[in-house]
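Read the structure below first, then the notes.
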Amino acid sequence: MRALVTGATGYVGGRLVPELLAAGHEVRCLARTPAKLDGVPWRDDVEVVRGDVTDPASLAGAMDGLDAAYVLVHSMGGGEGDFAERDRAAAAAMRDAAAAAGLRQLVYLGGLGRDEDPDLSPHLRSRHEVGRVLAAGPVAVTELRAAVVIGSGSASFEMLRHLVDVLPVMVTPRWVRTRCQPVAVADVLAHLVAVLGDDRALGRVLEVGGPDVLTYEEMMGVYAEERGLRRRVVVPVPLLSPRLSSLWIGLVTPLPRGLARPLVDSLVNEVVVRDRPAAALYPGLAATPFREAVRLAIRQVEAHEVATTWAGAEVGGRSPADPMPTDPSWAGAAVLADDQDVDCPAPPEQLFRTVRGIGGSRGWYAADFLWGIRGFLDQVVGGSGRRRGRRDPDDLRVGETLDFWRVEALEEGRLLRLRAEMRLPGAAWLEWRVDPDGEGGSRLHQRARFHPRGLWGLAYWYAMLPFHALIFRRMAQRLCDAAGLTAR
């Protein structure tokens, strides 16, 4: 089959593409920012086109000449506004474009939950509605429904592991005793591949789950055992609403409140496989026990073998009208910058490797305790903080998150530019450029750039100047020092 994968820069899509290739399918990927796929190992084996699932013109070009398309993009965690309306519009655009292109099949990954449940969460209700919108067109839809997806880097697993790792005693809402049916990400991928081109799956809703039905409290207990932690004390209380739950999850875990809220809302509902099990159609596919899925995810995180993460997908994107670090100073906004230039005896390639490894467990090379405080304050006001870390201590790709930054530009051996995603009264970037200098040496140019938003933005920058003086020069020098030590 020739298939389009939307959401190829996301958690499931980024893992699905190599599985489709291994099964012998031809793959085309749709991405708003194709550069985000430049660093993936399967890039040369696929076709990548620029486009958006809400843009009929780009969808028409992306689907031309194909047999099927995967719908793996949704607005969960996309910030303020009506996420259900955004997803509804995107589903309608996908449905109509698939019909115009003459596709045979649409494959959609949604969420478990009973349609007739009057208390179904807004997130799950929206996921089900997307399936209905897609199915209203002439192209046959295969809708897979899954609950909590367990795998290294998944949002559900990251929420679970950070809660258990950080909190030995938890005062929790009552939803920790609601039943759910977690499923290993490998099993989800196997089903997504199996249904492609299978006439038996056309026009059907198939429910996917692992072999274990557990409460969230039981899931936390299994994780603690697999991590070798002491048994966690869980005290459910009736007073914690989903909104309050998402606030404290935003403080304790790397998940922002906008993503934690729909996850918590979904856990309020019982999500188990009922009358449409995919296992009846595909009995030969693996059903990984929850404990084994957790064990594998822990092992991959510890070995830095995380292929994709929940944070890799940038929902909503940045407005084209937003400032860019390449804008001239006369582009209509104030431009404030801190520039540092340092000569380094290490060769350029070694210096750039050191720069590329910044953040995460290695820290920021200067006043790391201040970066920690800034991250905590960011979490308090609803930002991501530093808990997202980085996917791999050495490897980096465009579009990935790095603590409370996102990689905006990466030119191997020469340039790394990060865009700030902490809560700020303006837009900020941190950039390093490495140039050869002399015989075997190099020169590091570091620039922190800020486009303030109004008076509050100006006040913020000037209030931070004493900390900038403490941090930025020292950071540039220590990056060079670390590169020189490694090169010896």
When you scan segment 1-101 for helices (runs of 4 or more DSSP H) that lie fully inside it, which ones turn up with 1 or more residues that are touching a Lys or Arg at 6+ places or on another chain (Cβ under 8 Å)?
56-63, 83-101
Specify the residue that is farthest from Glu411 (Cα to Cα); the eligible residues are those in segment 18-33 that are surrounded by 18 or more Cβ atoms within 10 Å (Cβ to Cβ) and free of Cβ contacts under 8 Å to residues at least 60 places away in the same chain.
Val27
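Please go through segment 285-306 and give me each residue that is farther than 11 Å from Asp187 by Cα and open to solvent by 40 Å² or more (accessible area, probe 1.4 Å), ordered by number.
Arg291, Glu292, Arg295, Leu296, Arg299, Gln300, Glu302, Ala303, His304, Glu305
Restricting to segment 252-274, and then to whatever is open to solvent by 50 Å² or more (accessible area, probe 1.4 Å), modelled with pLDDT of 70 or more and assigned to a helix (DSSP H, G or I), can you tell me which residue is nearest to His74 (Cα to Cα)? Spell out how you get there, then give the answer.
We begin by selecting, within segment 252-274, every residue open to solvent by 50 Å² or more (accessible area, probe 1.4 Å); these are 257, 261, 268, 270, 274.
Then keep just the ones that are modelled with pLDDT of 70 or more; that gives 261, 268, 270, 274.
Keeping just the survivors that are assigned to a helix (DSSP H, G or I) gives 261, 268.
Working: Arg261: 15, Val268: 20 Å.
Per the criteria, the residue is Arg261.
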Being open to solvent by 60 Å² or more (accessible area, probe 1.4 Å) and modelled with pLDDT of 90 or more is the filter here, so list the residues in segment 342-367 that pass it.
Asp343, Pro345, Glu349, Arg353, Arg362
Selection over segment 209-251 where residues are touching a strand residue (DSSP E or B) at 6+ places or on another chain (Cβ under 9 Å), open to solvent by less than 10 Å² (accessible area, probe 1.4 Å) and at pLDDT 75 or above yields a count of 4
By residue number, the members of segment 356-374 that are touching a residue at least 60 places away in the same chain (Cβ under 8 Å) and not in a helix (DSSP H, G or I) are Ile358, Trp364, Tyr365, Ala366, Ala367
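The values are calculated or read from the model by the stated rules, or taken from the named source; none is laboratory data. None of the values given here were measured: they were computed from a predicted structure. Cβ sites come from the backbone with ideal geometry, for glycine too, and all protein chains shown count toward neighbours. The accessibility values were calculated without ligands, DNA or RNA, using every heavy atom of the protein model including side chains. Shrake-Rupley method; radii C 1.70, N 1.55, O 1.52, S 1.80 Å.
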